[in-house]
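What follows draws every value from the coordinates through simple rules; no lab data is involved. None of the values given here were measured: they were computed from a predicted structure. With ideal geometry, Cβ positions are generated from the backbone for all residues, glycine too; neighbour counts draw on all protein chains shown.
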Amino acid sequence: MELIELSVAKREGTGKGAARRLRADNAIPGIVYGAKKEPVKLSIDVTAFDKVIRENGTTGLFFDLNIEGDSARSVMLKEIQMDPFGLRYQHIDFHEIDMDKKVSIVVPVETEGVSAGVKEGGMLQIIRRELEVICKPKFTPESIKLDISALEIGDGIHVEDIDLGDEIEIPFDNNFTVITIVPPESDAGEDEETEDQAEIGEVAEAAEEAKAAAE
């Protein structure tokens, strides 16, 4: 896990009008809060923040937040609010963290290798593209990589099968499916076509029998 350096300024104004003026100046209103400190309202440069998001995505991000006129803080990105069209940042929430305490964070799921079942014509289905993990910030993985090489058609990986070591926990109540290999769509189509043809044949046969009985 890497701490991304980000410099921000404090902001004084509150309310919708102040937020609109801030956005007009190419800045994003934000806030950082923690259990033992008062929240601090922030002004975040759009260009600097957008560069971070483009390079790192939006999940599992930890920052060394340098607040102008204040001490640096270790924080995690908690929430990004966008406009209704998903084009402009509306507000950013950071949560101050203790590097020695566990946090809950969502991490993307990635696959490694080519499934034996896919080689035979099956289809890979990723049911869960993200999973929640609980760990100390320094142990947070950039992604959860799952080797699918040995999976045949009909096989899958369930959350209970995933071992990330002693330092990382995946909380779950049910042993849900994360990845599965399903039969090819063509097989399902052929089966449906065969059933349709059989049904048509049965109807035609019944009609012939009824005609013969009437004669």
Legend entry - 0 to 90° range, to nearest 10: angle between helix 46-56 axis and the chain longest Cα axis: 40
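Among Lys10/Lys102; Lys51/Lys136; Lys102/Lys138; Lys16/Lys41; Lys41/Lys102, which pairs are too far apart, with a Cα-Cα distance over 20 Å?
Lys10/Lys102; Lys51/Lys136; Lys41/Lys102
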Inset, instruction - Divide, for the range 15-98, the radius of gyration over alpha carbons by 2.2 N^0.38 Å, where N is the residue count. - result: 1.07
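Give, rounded to the nearest 20 debye, the magnitude of the charge dipole that the chain has about its Cα centre when Lys and Arg contribute +1 at Cβ and Asp and Glu contribute -1 at Cβ. Working shown, then result.
Numbers: 23 positive and 47 negative charges, 595 e Å.
Using Cβ point charges on Lys, Arg, Asp and Glu, the chain gives about 2860 debye.
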Legend entry - Debye intensity ratio I(q)/I(0), log10, the chain, q values 0.08, 0.17 Å⁻¹ (C-alpha model): -0.48, -1.14
Legend entry - DSSP beta bridge pairing in the chain, given as percent antiparallel to the nearest 5: 70
Inset, instruction - Once you have the Cα-Cα distance between Asp70 and Ala35, take 0.36 nm times their residue separation minus that, and quote the gain in nm to one decimal. - result: 10.9 nm
Legend entry - Listed residues Ile144, Val32, Gly121: farthest to the positive end of the dipole of the chain (Cβ charges): Val32
Legend entry - the chain: angle of helix 185-214 to the longest principal axis, Cα-based, in degrees nearest 10: 30
Legend entry - Fully extended contour minus Cα-Cα distance, from Leu164 to Ile126, at 0.36 nm per residue: 11.8 nm
Inset, instruction - Report the paramagnetic label zone for Glu185: residues of the range 116-159 whose backbone N is under 14 Å from a point 7 Å from Cα along the Cα-to-Cβ axis. - result: 122-125
Inset, instruction - Identify all lysines with a Cα-Cα distance to Lys119 below 30 Å; exclude those on the same chain that are fewer than 8 residues away in sequence. - result: Lys145
